[in-house]
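First comes the structure, then the notes that go with it.
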Amino acid sequence: MIRLYVVFFDRRMLQNKNEVTRVHDASKIRNVAIIAQIDHGKTTLIDSIFRATRTFRENSQMEERVMDGLSLEKERGITIKAKHCSVEWNGYRINIVDTPGHADFSGEVERVLSMVDSVLLLVDANEGPMPQTRYVLMRALRLGLRPIVIVNKADRPNAAPDDALDRTFDLFIELGASDEQCNFPILYGSGLNGWMVRDLSEISGGEERGMRELFESLIEFVPPPKVDDGHQLLMQVCTLTWSDYLGRIAGGRITSGTLKKGSQILVTHTRWTDHEQKDFEIISQSKETCTHLFITEGLYRREVEEAGAGEIIWISGPDEMTLGDTVSSIDYSEAPMKPLDIEEPTVSMFFLVNTGPFAGEDGNAVTLRQIKTRIERETRIDPALRMEDLGRPDGIKVSGRGELHLGILIEEMRREGMEFCVSRPEVITKTGAAGELLEPLEELIIDVPEEYQGVIIQKIALRRGELQGTENSGTGTLRLTFSIPTRGLVGYRGEFLTDTRGLGILASRFVGYGPWCGEIVSRSRGSMFSVDNGVATSYSLENLQERGTLFIAPGERVYCGMIVGENSRPKDLPCNPAKRKQQTNHRSATKEMTIVLDVSRQMTVESAIEWIGDDELVEITPKSVRIRKTILDPTERKRAENKANAA
């Protein structure tokens, strides 16, 4: 027992000694973010960086896209939350931020760019710059960052790295990049296969050079953190996360001074008063204690006793920290840092209490107060999310950057065991200077085989989209560029995949507000809804499938007002999917065996949200996704329709 105690004591002393003697040198730090369009290989590149720097033990099992830690990220193959990691190479500490590539999560990109000194801009050697490439590059250039351009997937058979690089340079010019920013370093390589070179001609005969030239470029072209010579602590909160044990955890880069665990800090909350003139005001100030202090090593946060200027750190203790807050020394007397620029949401929907007959059977039928509490917790760490209480007794209004942004939140709440309903997404409009109605507009880029261009142009035109340009790659694929209202894209992505047989690629980005484009008919077909409660039968569904597409299978429970399929005609069709065949003396014993039913369409959260109409809701439970009428009772629904028509 004594011997074991001595060993444990020595180990603890060694850990404390390492904490005290940890050397801080800002010149040996490089802070960089990876930005790109979705599916251009950001997270895969980081996998190769980990392997090249041997961040993990050689005998450890490293899975693909290790930075995508959320289950939804692994399932969908996209990055939803910005992730921080760090690697060591030749005595340098390289802090890397993996950013989302989808436009709906651009709020994550906007705030983390203020923590880095350069960006790695990944461009697919085949697709070239895409809509989100333009957006993230624009944000980086506005901050004065000098990007390093990586032409990724250069080893693909259909790769055209020179063409992709030319289009990237044109994009720099178009976005008003400075001469220094246009003189960007260039690397070619494959994030999947783990090699990067400055000269593509150096790769011949399958020879691989590894990631050495990437690290050399990072050390050479990424400047070390700009450190203020002042000794007072100064830092801005750029990202937030939550821990069930520590509460809110804030991340940011120390601009000057040092921070010690357990020290007193001053948290200053600010807001813009005139964004164009860059005027802001102080809302509140509070003295807090830094109870925990972390840095990132590899993928994980490690608690330290002290951190210095230039380091990206995480702190816990203050309960009311928000994005953009300034953290400083208690005696800091100068002006706080400016608030962060965060784009406003463009799409909203109602989150409602589940009032269906099956409420509480699959999960927790939550109250309005519980829904509010959950959404409020999310708004504290997601700056692009808004919650508004309009006084409805059954729900609240939630706004986000797009359908996918809100769909991910819905899926997370669903996996937590919550039951609730959501309405059809609506765009957030504004009023112009002359009193005109303005709506959000998107730039839409579609890559599609030539044989499908006709149906795509026709469908986009019906949704008030205007063709801006056409580009022929010479490989049988066209690139079509449209300007379209955001509401024109609501419910279109699933239809697009059907029209192009899954061969088309669709990408869009928010470009601003423009005049209202007129009415848009988003769904040309009605719904089939049940008028009775019961269990769906094969006999009834056999007749109904001739009238449209079914959403349910035999044996599933239905209730009055539940939507069981899509009608082939524009109007809604009342039906009874639980109807049974009357028994007779002349009925064949094998009659039911001759019934042949088509496979029902399984609705996901996103597809259901896209499909529903204005008078319909999506019922979300941990086990099921159902579609229903907002008013279940037929008499009450008819009365409401008559009242709306009279008004």
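Listed here are the pairs Lys287/Lys430; Lys278/Lys397; Lys372/Lys623; Lys430/Lys459; Lys459/Lys571; which of them are more than 32 Å apart at the Cα? Please list the in-between numbers first.
Numbers: Lys287/Lys430 39 Å; Lys278/Lys397 30 Å; Lys372/Lys623 22 Å; Lys430/Lys459 26 Å; Lys459/Lys571 20 Å.
Pairs exceeding the cut-off: Lys287/Lys430.
Quick one: net charge around Asp117, please, counting Lys, Arg +1 and Asp, Glu -1 for every other residue with C-beta under 12 Å from its C-beta. Working shown, then result.
Values: positive: Arg30, Arg146, Lys226, Arg253; negative: none.
Value of the local net charge: +4.
Under 19 Å from a label point 7 Å along Cα→Cβ of His231: give me every residue in the stretch 261-295 with its amide N that close.
Under cut-off, by backbone N: 261, 263-266.
Expressed in nm², what is the orientationally averaged projection area of the convex hull enclosing the Cα positions of the stretch 430-515? Each step should come with its number before you reach the end.
Values: hull surface 22.6 nm².
Reported value for the Cα convex hull: 5.7 nm².
Using a simple spin-label model with points 7 Å from Cα along the Cα→Cβ vector, what separation in nm is obtained for Ser524 and Asp166?
Once both label points are built, they end up 3.9 nm from each other.
222 nm [θ] for the chain, helices only, -39500 (n - 2.57) per DSSP H run of 4+, per residue, to 500?
Helices in the chain give a 222 nm mean residue ellipticity of -7000 deg cm²/dmol.
Could you state the angle between the C-alpha long axis of helix 453-462 and the longest principal axis of the C-alpha atoms of the chain, as a value from 0 to 90 degrees rounded to the nearest 10?
80 degrees
Could I get the Rg over Rh figure for the chain? Both from C-alpha atoms, Rh via Kirkwood, rounded to two places.
Result for the chain is an Rg/Rh of 1.01.
If R0 is 30 Å, what FRET efficiency do you get for Thr475 and Met138 from their C-beta distance, rounded to 0.05?
Values: r = 29 Å, r/R0 = 0.96.
So the FRET efficiency works out to roughly 0.55.
Go ahead and collect, in residue order, the members of the stretch 469-510 whose backbone nitrogen is under 18 Å from a label point 7 Å along the Cα-Cβ direction of Glu426.
Backbone N within reach: 486-491.
Specify the angular offset, from 0 to 90 degrees and rounded to the nearest 10, of the alpha carbon long axis of helix 131-142 from the longest principal axis of the alpha carbons in the chain.
Roughly 30 degrees, rounded to the nearest 10.
Taking the radius of gyration and the Kirkwood hydrodynamic radius from Cα positions alone, what is the Rg/Rh ratio for the stretch 405-466, to two decimal places? Mind dumping the intermediate values first?
Values: Rg = 17.8 Å, Rh = 15.7 Å.
So for the stretch 405-466, dividing Rg by the Kirkwood Rh gives 1.13.
Check Asp572: other-chain or 5+ apart residues with amide H under 5 Å from its amide H, H built from backbone geometry?
So Asp572 has HN proximity to Ser527.
Please turn the phi angles of the stretch 373-383 into ³J(HN,Hα) values with the Karplus equation 6.51 cos²θ - 1.76 cosθ + 1.60 (θ = phi - 60°), one per residue in order, whole Hz, x for glycine and proline.
Taking θ as phi minus 60°, the curve returns 4, 5, 5, 4, 4, 6, 5, 6, 10, 10, x Hz for the stretch 373-383.
In sequence order, what are the phi-derived ³J(HN,Hα) couplings for the stretch 404-409 according to the Karplus relation 6.51 cos²θ - 1.76 cosθ + 1.60 with θ = phi - 60°, rounded to whole Hz, with x for glycine and proline?
5, 4, 6, x, 5, 4
What does the charge add up to near Cys290, with Lys and Arg as +1, Asp and Glu as -1, over the other residues with Cβ less than 9 Å from its Cβ?
Details: positive: Lys260, Lys261; negative: Glu288.
Local net charge: +1.
In nm², what is the average projected area of the convex hull enclosing the Cα atoms of the stretch 252-295?
Working: hull surface 16.4 nm².
The directionally averaged projection comes out at 4.1 nm².
Would you mind calculating the gained length between Ser284 and Thr498 on full extension (0.36 nm times residue separation, minus the Cα-Cα distance), in nm to one decimal? It would help to have the intermediate numbers written out before the result.
Numbers: separation 214, 0.36 × 214 = 77.04 nm, distance 5.26 nm.
Separation in residues times 0.36 nm, less the Cα-Cα distance, equals 71.8 nm.
When only C-alpha pairs under 8 Å and at least 6 residues apart count, what is the relative contact order of the chain, in percent? Mind dumping the intermediate values first?
On the way: 1336 pairs, mean separation 63.6, N = 647.
For the chain, the relative contact order is 10 percent.
Using a 7 Å offset from the Cα along the Cα-to-Cβ direction at both Ile631 and Asp199, what is the distance between the two label points in nm, to one decimal?
7.6 nm
When we measure straight from the Cα of Lys153, which lysines land under 17 angstrom away, once same-chain ones fewer than 8 places off are left out?
Filter leaves Lys42.
Could you give the length gained by full extension between Leu192 and Arg601, i.e. 0.36 nm per residue of separation minus their alpha carbon distance, to one decimal place? Display every interim value, and only then the final one.
On the way: separation 409, 0.36 × 409 = 147.24 nm, distance 3.51 nm.
That pair, Leu192 and Arg601, stretches by 143.7 nm at full extension.
Where Rh denotes the Kirkwood radius from the mean inverse Cα pair distance, what is Rg over Rh for the stretch 234-328? All intermediate terms of the calculation are to be shown ahead of the outcome.
Details: Rg = 13.5 Å, Rh = 13.7 Å.
Expressed as Rg/Rh, it is 0.99.
In debye, nearest 20, what is the charge dipole magnitude of the stretch 234-328 about its Cα centre with +1 on Lys and Arg Cβ and -1 on Asp and Glu Cβ, if you could check?
The dipole of the stretch 234-328 has a size of about 220 debye.
Quick one: work out the % antiparallel among DSSP beta bridges in the chain, nearest 5. Walk me through the numbers before you get to the answer.
Values: 109 of 133 bridges.
Antiparallel: roughly 80 percent of the beta bridges in the chain.
Can you run phi through the Karplus equation (6.51, -1.76, 1.60; θ = phi - 60°) for the stretch 513-522 and list ³J(HN,Hα) in whole Hz, with x for Gly and Pro?
9, x, x, 4, 8, x, 6, 10, 8, 7
Between Asp615 and Ile342, what is 0.36 nm times their sequence separation minus the Cα-Cα distance? Round to one decimal in nm.
Numbers: separation 273, 0.36 × 273 = 98.28 nm, distance 3.26 nm.
Gain in length upon complete extension: 95.0 nm.
Each value in this text was obtained by applying a stated rule to the coordinates, not by laboratory testing. Computed from a predicted structure; not experimentally measured. Cβ atoms come from the backbone with ideal geometry, glycine included; neighbour counts cover every protein chain shown.
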